[in-house]
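These notes concern the structure reproduced below.
The numbers here are math on the coordinates, done by the rules we state, and not lab data. Just so it is clear, the model here is predicted, and its values are computed rather than measured. In this analysis, Cβ positions are derived from the backbone assuming ideal geometry, glycine residues included, and neighbour counts consider all displayed protein chains.
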Amino acid sequence: MKKVFIVLISLILLLGVTGCGNKNDFSVGDKSTVEVVDKYVVFDLDEETLTNGSASVLLRNDSEYNVSYGTPYELEIKEDGEWHKINVELFFTMPLMSLEPGESIDLEFNWAESYGELAKGEYRIIKSVTVESTSPEKIYVAAEFTIKE
């Protein structure tokens, strides 16, 4: 009985040390190679919704073509004036959504489970979309933000 109690207390202490409120449960990776395209699509973070674990971003199709997108996204961090990948394992479902010209949607991003709560710093959300023109073009859009606390 004493051994069971010691094991139980040890597990509780281990979970308490590793699982609660950790910030930045990731390592910074290589310099980003993503080229962001500022035409066709607006990708604008709503500062009023920003927390260290989530945000809402407006995705608006300003092109004359349909724009398709899925749920995957990535966060990058700015260090020494350059964007860097963040090393985490990400899992997404793969539905495909579409916006007609002029349409928009608010997308909710909750990165706390994958990246942890973000510490003070500069970040950006990277998302790929496809502009369905006569020759479809995959582009990357980004919304930059700063965590102040």
Q) So which trypsin sites (Lys or Arg not before Pro) in the stretch 24-103 end up in coil per DSSP with only 15 or fewer other C-beta atoms within 10 Å? A) LYS39
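Quick one: dipole size for the stretch 53-149, taken about the Cα centre, charges +1 on Lys/Arg Cβ and -1 on Asp/Glu Cβ, in debye to the nearest 20.
Values: 8 positive and 19 negative charges, 15 e Å.
So the dipole magnitude of the stretch 53-149 works out to roughly 80 debye.
How about the stretch 68-149: which chymotrypsin sites (Phe, Trp or Tyr not before Pro) there lie in a loop by DSSP and see at most 10 other Cβ atoms within 10 Å? Working shown, then result.
Details: sites: TYR69, TYR73, TRP83, PHE91, PHE92, PHE109, TRP111, TYR115, TYR123, TYR140, PHE145; in loops: TYR73, PHE91, PHE92, TRP111.
Those that pass, being in a loop and sparsely packed, are PHE91, PHE92.
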Q) Once both labels are modelled 7 Å past Cα along the beta-carbon direction, what's the LYS148-THR33 spacing in nm? A) 3.7
Q.
Given N residues in the stretch 36-149, what is its alpha carbon radius of gyration divided by 2.2 N^0.38 Å?
A. 1.07
Q: Mind checking the full-extension length gain between ILE105 and ASP44? Use 0.36 nm per residue of separation minus the Cα-Cα distance, one decimal, nm.
A: 20.9 nm
Q. SER63's amide H: which non-local residues (gap 5+, or another chain) put their own amide H closer than 5 Å, with H modeled 1.01 Å from N in plane and none for Pro or chain starts?
A. GLY102
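Calculate the FRET efficiency for GLU113 and THR134 from the Cβ-Cβ distance with a Förster distance of 35 Å, rounded to the nearest 0.05. Intermediate results must be reported in sequence, preceding the final value.
Numbers: r = 39 Å, r/R0 = 1.13.
The pair GLU113/THR134 has a calculated efficiency of 0.35.
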